[in-house]
Amino acid sequence: MTTQAWNPPQWNAEFEERLFLQVARRHVPVFPERLAVAPRAPQSAAELEAVCDYYTRMAAHDLFIVQVVARAIDTLFADDPHFQLILARQLGDDGAHAVLARERIVALTSVDPLPAIERRVAEHWQRIGDLAVADLAGFLAFEWHYELHILAKLWIQRKTGTIADPAMREHGENRIRPDEEWHRVQIIEWWRARLASTSGRAREALIDSVLAADDALQQRLDGYLHDEYAHTAHVFGADIDAYHAIYDDWRREMLARLTGRDPAKLSALVSLSTRRSTENA
């Protein structure tokens, strides 16, 4: 059942970017490798407001990760100090990223967005419930969605966006991106070791459970994902015309490489629905 999808020998951001371009160009043959023109800074009051709304969402996303990981360290992985250290770094880094977003909003508006951040964190919990901390499969599905599948949106933003806040863009390139790459690589290597130590029916059952949890999370996140892509287009001028196909294909590639399953046999995965968000229309 396993195939050559079980690769690469070294998982890193360079591999992820190459793979993303392959995926994107299946659906948009001229998808750009990089921006042809540097994005401009937000100019109008409306554009600044939109950027601050994005940072509120960013801070809530990272704080939600902090809360989930904190619970998992103390419950699911109470007897795994190696993974606890990996997750502790993820928790600390994402907490710092949330602080950066909050501070940037204060710098731009002189208003503390904490109440709005809290509301959006509560919405994350309402969407997902306790699936992310129920068991190993649920937690890994949470990690895949919040760390790996999300890369499709981030690459679309980086490679097609026409607007960017220079100060936060610098933070993103020099601090946030290296941190996030470290999280992904370490968690994936931990998962690979866990899978390598499991064989036969137990291995296939473990993979099946993670894929089922990933699908369950996909169903719960469907409307949220449409809104997030629409918001990316609204705030940064990103081209999201093919996001349905790119997202589904990217998620399938990620899961194939994480599980060793043939990508063609993952076609039954729950897809992003065909609805289009009207948010910010």
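We did not get these values from a lab; they are worked out from the coordinates using the rules stated. Just so we're clear, the structure is a prediction, and the values are computed from it rather than from any experiment. For neighbour counting, all protein chains shown are included, and Cβ atoms are generated from backbone atoms with ideal geometry for every residue, glycine included.
Working from label points 7 Å from Cα in the Cα-to-Cβ sense, the GLU173 to LYS265 distance is 4.3 nm.
Taken as Cα centroids, segment 139-195 and segment 220-272 sit 14 Å apart, rounded to the nearest whole angstrom.
For segment 200-281, the Kirkwood hydrodynamic radius from C-alpha pairs, put into Stokes-Einstein at 4 °C and a viscosity of 1.567 mPa s, yields a diffusion coefficient of 93 µm² per second.
The calculated FRET efficiency for GLN10 paired with ARG127, based on their beta-carbon distance and R0 = 22 Å, is about 0.05. A Förster radius of 35 Å combined with the Cβ-Cβ distance from ALA96 to ASP222 puts the calculated FRET efficiency at roughly 0.70.
Taking only the alpha carbons of segment 13-266, we obtain Rg and Dmax values of 18.2, 59 Å in that order. For segment 13-266, the Cβ-based charge dipole about the Cα centre amounts to some 500 debye (Lys, Arg positive; Asp, Glu negative; other atoms uncharged).
What does a probe at VAL37 reach in segment 44-75, counting residues whose amide N is under 17 Å from the point 7 Å along Cα→Cβ? Answer for this model: 44. The angle between the Cα long axis of helix 45-74 and the longest principal axis of the Cα atoms of the chain comes to about 30 degrees, rounded to the nearest 10.
How long is the gain from ARG194 to LEU85 if the chain were fully straight, where each residue apart is worth 0.36 nm and the alpha carbon distance is subtracted?
That pair, ARG194 and LEU85, stretches by 37.6 nm at full extension.
With respect to the chain, whose longest principal axis is taken over its alpha-carbon atoms, helix 177-196 is tilted by about 10°. Between LEU154 and GLU49, the distance separating the two model label sites (each 7 Å from Cα on the Cα→Cβ line) works out to 2.9 nm. Working note: 222 nm ellipticity from helices only, DSSP H runs with n ≥ 4, each -39,500 (n - 2.57), summed and divided by the residues of the chain, gives -23000 deg cm²/dmol to the nearest 500.
Report, in cubic angstrom per residue, the convex hull volume of the C-alpha atoms of segment 1-139.
190 Å³
Compactness check for segment 68-108: Cα Rg over 2.2 N^0.38 Å is 1.48.
Our coupling estimate for segment 218-226, obtained by passing each phi through the Karplus curve with A = 6.51, B = -1.76, C = 1.60 and θ = phi - 60°, is 4, 4, 6, 9, 3, x, 4, 5, 4 Hz, Gly and Pro reported as x.
Express the Stokes-Einstein translational diffusion coefficient of segment 102-223 in µm² s⁻¹, to the nearest whole number, given a Kirkwood radius over alpha-carbon pairs, 37 °C and a viscosity of 0.692 mPa s.
So the translational diffusion coefficient is about 193 µm²/s.
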